[in-house]
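The values are calculated or read from the model by the stated rules, or taken from the named source; none is laboratory data. The model shown is predicted, which means the values in this text are computed figures rather than measured ones. When we count neighbours, we look across all protein chains shown, and the Cβ atoms used for this are built from the backbone with ideal geometry, even at glycine. Remember, those area values only see protein heavy atoms, side chains included, never the ligands or the DNA or RNA. Shrake-Rupley method; radii C 1.70, N 1.55, O 1.52, S 1.80 Å.
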2 protein chains.
Amino acid sequence: MSDTRLWQRLMRLAEIGARGDGGVNRQALSSGEVDAWRLLLTWAEEARLEPSTDAAGNLFLTRPGRDRTLPPALIGSHIDTQPNGGKFDGAFGVLAALEAATDLTTPARDITVVAWMNEEGSRFAPGMMGSEAFIGLRDLAAIRAARDAAGVSVGEALDTLHAAFPDLPHRALGFTPAFYIEPHIEQGPLLEQARLPLGIVTGIQGKITWEITIEGEEGHAGTLDMAKRRDAVMAFARIATRMQRDVGDADPIVKFTIGRVTVQPNAPSVIAGRVTIRIDLRHPDNAALQTYGTRLEAAAQAEAAPCAVTVTRLVDAPSNTFDPDLRDRLTKAADHLGLGAMPILSAAGHDARHMAPLCPSAMIFIPCRGGISHSPEESAEPADVQAGAALLASVVKELTT
Amino acid sequence: MSDTRLWQRLMRLAEIGARGDGGVNRQALSSGEVDAWRLLLTWAEEARLEPSTDAAGNLFLTRPGRDRTLPPALIGSHIDTQPNGGKFDGAFGVLAALEAATDLTTPARDITVVAWMNEEGSRFAPGMMGSEAFIGLRDLAAIRAARDAAGVSVGEALDTLHAAFPDLPHRALGFTPAFYIEPHIEQGPLLEQARLPLGIVTGIQGKITWEITIEGEEGHAGTLDMAKRRDAVMAFARIATRMQRDVGDADPIVKFTIGRVTVQPNAPSVIAGRVTIRIDLRHPDNAALQTYGTRLEAAAQAEAAPCAVTVTRLVDAPSNTFDPDLRDRLTKAADHLGLGAMPILSAAGHDARHMAPLCPSAMIFIPCRGGISHSPEESAEPADVQAGAALLASVVKELTT
């Protein structure tokens, strides 16, 4: 099945931002994403889809329905990647949706493919900015103010993106779709272990993220007595080990990660004056998520001295449950297509989390090898890619005819 | 005494690379250092000193002596700074030496002022590259291969520096001076506490530096089970706390610092695959230095699992003792000038450490406020600056007439 149009487009899109090691580095609002938009717009034009964008930098490709007054079907995902991302995370969902919109030529209602802005949150944190702005969860001005490590703001990068497409129509930010379905790789090992091509996602596990700043005092590494130091790196090490003990080792289900650590001035012979870290905590049980969150904050306060610490929650998203009727339709459709499917919890966050309160929402998972994602090793089978796209097309057709 | 030429030149030089906060960021082989060379060359020309450089990017300004066959007096320090440096570290020694060479118009032997390349080691590690190459301690090719965080090599930066001064004569790398004296701020609190303007440095405490690389495995922060992770950040936190316990807290004299921590990919929702750190260990007792060094290496090995660790010693320099006769001359001269002086150990490293095996070498310290250096807070009194320069000039005059 590697000769299908969908697979060929996945491989073609992966050439944009390709890394030497088979991975993809196509971060949000980068020049690579501009090139990816251009490619999607070419394919949309071939299929006579109507392209548009909004103030949040989301890209929409719409198959006009017979009655344009009906709320549209919204399907898709994102095309930005982690700096060390793979070929499938996000891209599969957008291209599978493009297949459905391309093949369903005369739907009763509009079918709109969406590529959300900055799902990954690696260049600009936190992620899922496009869907946050779309549902009004976060003010666009606040989103535009976020800056990357080079000091470029989301606002500046967004304006650069839009300037690259002067003829692309702008639509108002946000609308209420008839439903939202997002196909995605599982990013976990369960479907592979069950030898099933499809997962009908029950919900997304809760997540809290923090930025923690540890303020110490700079000094000369060769002269300042240990007893007089306020070393921000050492305070960080104490805080991280305490957090691992109190949370990371406390529960087989919890996921606790310190993925970003920034040290200042980060010079070999200077005692660090400041360390800024990002913490990512996830748990499917909302009560447990809050309990562990409180423990992490307590650990930071307990181990920071003699440094000062500032703890800021960036994201606090409880677990959600996707629409039971939509999940039931997906399960029945998979059965009707003769494709094996199982219910599955999403350990990773997705834009569908934001859409769920707005309209009936669901997700389709396909297996990825070894459960690996956010890595050049990320891999999916052509047959599974095709199965996920077929299930999406089948349910979209059922709901738009 | 803030109206002296020396003080005015210190303030003028501090304008090059000036930070908004009163500090100076003029790192090795930067455009700021090119501008600083240009300024020094102007002052040298006014004083009719002969300028030259060598393949290691050291700058020499020579007052010709009556007998040019005699080995020259070598005096000076460095003009590069830490990214968050101050106005006096290095610059004081070079400008005090320039005063001596300017005022001693007809010496018996050449008096050569030197500004060593990359003493600080913040942009390119390890530091003291110019004096290392000068005495042949390290091969120039190896030094040229070192790269900064942006991937620029010392070789490339050196060639850029030399290209900026096409008319500057190049001399052979390395020669044997009659003696070497380096004036410097103390970078510690002892002179200030003793209320003395001068320290006659007995020696430099030993130092070992390492680069340690912790290799883990990247993974998705929301999906990979804690038990299956090889998180390089968590391994670093365990190693750092173990090192602090086994070495940092074990001895009131030892100085143990992890000043640089580099995390890859350093993305908030990706488990870190690699952490690279720089360790700086100092102790005046050579046996203790080696004992603690061995403990640090053992701690890295003990706490790394399930990550892999690579431990590389970059610098392994024992404590040294400066020339007794030269120290005696300095002590007598201070007394003769009516300036209070005391013997003092240098906790910080200096190029004089490299010169000591080559020729009689010594250092003159002056107080700095609160013992603070490598910081915009770094400060010295005009009277102390003048005292240090007067002591240098007096002993250089005694040894060159």
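Whole Å is fine, so just give me how far the alpha carbon centre of region B:178-252 lies from that of region B:324-368.
27 Å
If one takes the accessible area of chain B alone plus chain A alone and subtracts that of the pair, with a 1.4 Å probe, what total in Å², rounded to the nearest 100, results?
4400 Å²
Taking the Cβ of A:L326 as the centre, find all other residues whose Cβ is under 13 Å away and add up their charges (Lys, Arg: +1; Asp, Glu: -1).
Spelling it out: positives minus negatives among the neighbours equals -2.
For chain A, what relative contact order do you get, as a whole percent, if you take Cα pairs closer than 8 Å and at least 6 residues apart?
Reported as a whole number, the value is 23 percent.
Which one, A:S379, A:H162, A:P360, projects farthest toward the positive side of the charge dipole computed for chain A from Cβ point charges (K/R +1, D/E -1)?
A:P360
Once you place label points 7 Å from the Cα toward the Cβ at B:L39 and B:A194, how far apart are they in nm?
Taking the simple label geometry, B:L39 and B:A194 are separated by 3.1 nm.
Spelling out what I want: for every residue of region A:196-210, take phi, set θ = phi - 60°, compute 6.51 cos²θ - 1.76 cosθ + 1.60 (Karplus), and round to whole Hz; glycine and proline get x.
10, x, 9, x, 9, 6, 7, x, 10, 5, x, 8, 10, 10, 10
For region A:206-317, what is the charge dipole size about the Cα centre, in debye to the nearest 20, if Lys and Arg each add +1 at the Cβ and Asp and Glu each add -1 at the Cβ?
120 debye
Only bridges with both residues in chain A count here: give the DSSP antiparallel percent, nearest 5.
So the antiparallel bridges amount to about 70 percent of the total.
Sort B:286-292, A:99-105, B:88-94 for me by packing, meaning the mean count of neighbouring Cβ atoms within 10 Å per residue, highest on top.
B:88-94, A:99-105, B:286-292
Hey, got the average number of other protein chain Cβ atoms within 10 angstrom for residues in B:228-240?
Per residue, the number of nearby Cβ atoms from other chains is 5 on average.
Calculate how steeply helix B:286-303 sits against the longest principal axis of the alpha-carbon atoms of chain B, using the helix alpha-carbon long axis, and give the answer as 0 to 90 degrees to the nearest 10.
30 degrees
Hey, what number do you get for chain B at 222 nm if only DSSP H runs of n ≥ 4 count, each worth -39500 (n - 2.57), divided across all residues, to the nearest 500?
The per-residue figure over chain B is -10000 deg cm²/dmol.
I want the local charge near B:L140. Using Cβ-Cβ distances under 11 Å, sum +1 for each Lys or Arg and -1 for each Asp or Glu among the other residues.
Local charge sum for B:L140: -1.
Roughly what % of DSSP beta bridges within the protein assembly as shown run antiparallel, to the nearest 5?
Just about 70 percent of them are antiparallel.
I need the shape label for region B:153-219. Rule: rounded when a/c is under 1.5, else prolate if a/b > b/c, else oblate, with a, b, c from the alpha carbon gyration tensor.
Verdict is oblate for region B:153-219.
Taking a virtual spin label 7 Å from the Cα of A:M11 along the C-beta vector, which residues in region A:370-388 bring their backbone nitrogen under 19 Å of it?
Of the residues in region A:370-388, A:376-388 have backbone N under 19 Å from the label point off A:M11.
With θ set to phi - 60° and the Karplus curve 6.51 cos²θ - 1.76 cosθ + 1.60, what are the ³J(HN,Hα) couplings of region A:36-44 in order, to the nearest whole Hz, using x for Gly and Pro?
Computed from phi, the couplings for region A:36-44 are 5, 4, 4, 5, 4, 5, 5, 5, 5 Hz.
Taking amide H positions as placed in the peptide plane 1.01 Å from N, state which residues far from A:E120 in sequence (5 or more) or on other chains have amide H under 5 Å from it.
Under 5 Å from the amide H of A:E120: A:M128.
Residue by residue through region B:147-159, which ³J(HN,Hα) values in whole Hz follow from phi under the Karplus form 6.51 cos²θ - 1.76 cosθ + 1.60 (θ = phi - 60°), with glycine and proline marked x?
10, 8, 4, 8, x, 6, 8, 4, x, 5, 5, 5, 5
Provide the gained length on full extension for the span B:A108 to B:A308, in nm with one decimal, where the gain is 0.36 nm per separating residue minus the Cα-Cα distance.
Result: 66.0 nm gained on full extension.
Rounded to the nearest percent, how much of the accessible area of the protein assembly as shown (1.4 Å probe, protein heavy atoms only) is carbon and sulfur?
51 percent
Can you pull the mean other chain C-beta count within 10 Å for peptide A:113-121?
Mean number of neighbouring Cβ atoms from other chains: 1.
Placing +1 at every Lys and Arg Cβ and -1 at every Asp and Glu Cβ, with all other atoms neutral, what dipole size does the protein assembly as shown have around its Cα centre, in debye to the nearest 20?
400 debye
Could you calculate the FRET efficiency of A:A298 with B:S52 from 1/(1 + (r/R0)^6), where r is the beta carbon distance between them and R0 is 35 Å, rounded to 0.05?
Computed FRET efficiency for A:A298 and B:S52 comes out at 0.05.
Would you be so kind as to list the residues of region B:267-298 that have their accessible area lowered by at least 20 Å² in the full protein complex compared with their chain by itself (1.4 Å probe)?
In region B:267-298, residues shielded by partner chains: B:A267, B:P268, B:S269, B:V270, B:R278, B:D280, B:R282.
Across the residues of A:370-376, average count of Cβ atoms on other protein chains within 10 Å?
6
7 Å along Cα→Cβ for the label point: how many nanometres lie between A:F165 and each equivalent label in the other copies, listed shortest first?
Label-point distances to the other copies, shortest first: 5.4 nm.
Heavy-atom accessible area per residue, region B:169-279, 1.4 Å probe: how many Å²?
Per-residue value: 32 Å².
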